[in-house]
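In what follows, a structure is listed as structure tokens, so that the remarks can point back to it.
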Ligand code: PXP
């Protein structure tokens, strides 16, 4: 079955708006797992704009307690790698990071950054974490991810989500088609295939229906829906849509 990883970053965004301890992303992560999330994803950014070091340590302790995977997202830089090596999460997803961006825009250049990514990917893998690279579904980045030593690729679904929001169905279909082809290429190389960014109730079904997809990581939309429908119902509805995308009509 396809897994749902719930990205908990924006619970910390809300907490940090007031600088206190409420709401607690670790409490929200526990609720997410109780609601049916298969794992927790969190991004420790270099500027610590949402998740901080203490959150990440507590999320790892929670995931160990509940027997669920933590997916630690980070930039491919040495000081972050040291934190991830000490945390020992189930998985580490290497993402591109620019301080001035609002969120992770575009995929990692696994081809251009081969020499920077490879030693970090190797150290993390040897330390017991599965290494994922957050890339665009383009052939040379998929090949490069394998060459960097990744076990997983996560395809960036942001451009697909944006195209649908802008009413450009043709562009969205072309991007979906590239992701379907990319998933086959990655699978043939022995890479596990994940997807994430900008996924919502309205756009998740065609992505979840890609047969090679093993995991979707979804954050901002679920945390936003938590304000109106509640965190548990939002996760349950997302789980339902993902599961139903795999039911082949008779
Ligand atoms: N996957 C990765 C690698 C990400 O960096 C992010 C966002 O930071 C997500 C998934 C979740 O994206 P969203 O918050 O738009 O659902």
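The values are calculated or read from the model by the stated rules, or taken from the named source; none is laboratory data. As the structure is a computational prediction, the values presented were derived from the model and not from experiment. A quick note on method: Cβ atoms are made from the backbone with ideal geometry, for glycine too, and the neighbour counts reach across all protein chains shown.
Take residue 42 and tell me if it is at pLDDT 95 or above and either buried (at least 21 other Cβ atoms within 10 Å of the Cβ) or under 30 Å from residue 142 (Cα atoms) (or both). In short, yes. Candidates are the residues of segment 130-140 that are surrounded by fewer than 24 Cβ atoms within 10 Å (Cβ to Cβ) and away from the ligand (no atom under 13 Å from the Cβ); the one that is nearest to residue 112 (Cα to Cα) is 140.
Run residue 1 past the list (1) modelled with pLDDT under 95; (2) touching a strand residue (DSSP E or B) at 6+ places or on another chain (Cβ under 6 Å) and report the number of the one that doesn't hold. Result: residue 1 fails condition (2) only.
Hey, any hits in segment 87-105 for a residue that's assigned to a helix (DSSP H, G or I) and either surrounded by 24 or more Cβ atoms within 10 Å (Cβ to Cβ) or more than 15 Å from the ligand (Cβ to nearest atom) (or both)?
Filtering segment 87-105 for residues assigned to a helix (DSSP H, G or I) gives 87.
Within this subset, residues satisfying the condition of being either surrounded by 24 or more Cβ atoms within 10 Å (Cβ to Cβ) or more than 15 Å from the ligand (Cβ to nearest atom) (or both) are 87.
Scanning segment 87-105 turns up at least one residue that is assigned to a helix (DSSP H, G or I) and either surrounded by 24 or more Cβ atoms within 10 Å (Cβ to Cβ) or more than 15 Å from the ligand (Cβ to nearest atom) (or both).
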